[in-house]
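We did not get these values from a lab; they are worked out from the coordinates using the rules stated. Since we're looking at a predicted model, the values are computed, not measured. For neighbour counting, all protein chains shown are included, and Cβ atoms are generated from backbone atoms with ideal geometry for every residue, glycine included.
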Amino acid sequence: MNVTWKIEQCEHLVSDGFITTAHWRATAQDGDYSASVYGSVGFGEGDPQIPYDNVTEADVLAWVWNEGGVDKDATEANLAGQIDAQKNPVQASGVPWQ
């Protein structure tokens, strides 16, 4: 299973470029199966600051995991569980008379 983390969008203050919110997505792919989770994290004053033009996606992801309280391992375990449920469904829908 391959998991990709991406920052979808950042909101920042115009005055100093301080990033106030990061919107992230984690997507897992395992062959034909995929799962995704989306979230947002807000940052308060005093959190790590790098000049806006120098911030990288890796910086913001580190903030999401370390400052924003997003548990990377738990999120990836959740995605693995979603894919496992797709591979081994316990429920189905339909009608038996077709």
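Helix 57-66 axis versus longest C-alpha principal axis of the chain: approximately 80°, rounded to the nearest ten. Give me the angle, in degrees from 0 to 90, between the Cα long axis of helix 72-87 and the longest principal axis of the Cα atoms of the chain, rounded to the nearest 10. Between the helix axis and the principal axis of the chain, the angle is about 20 degrees.
I'm a student and want to see the number: the projected area of the Cα convex hull of the chain, averaged over all directions, in nm².
Dividing the Cα hull surface by four gives the mean projection, 8.7 nm².
Stretching the chain fully between A92 and Y38 yields a gain of 16.9 nm (0.36 nm per residue, less the alpha carbon separation). Considering the stretch 48-98, its Cα convex hull presents a mean projected area of 6.4 nm².
Structure remark: mean-square fluctuation, Gaussian network model of the chain, C-alpha springs under 10 Å; the largest value among E45, E67, E76 belongs to E45.
Other residues lying with their Cβ under 12 Å from the Cβ of G17 contribute a combined charge of -3, Lys and Arg counting +1, Asp and Glu -1. From helices alone, the chain scores -8500 deg cm²/dmol at 222 nm; the rule is -39500 (n - 2.57) for each run of n ≥ 4 DSSP H residues, then divide by the residue total.
Pairs of Cα atoms nearer than 8 Å and 6+ residues apart set the relative contact order; for the chain it is 25 percent.
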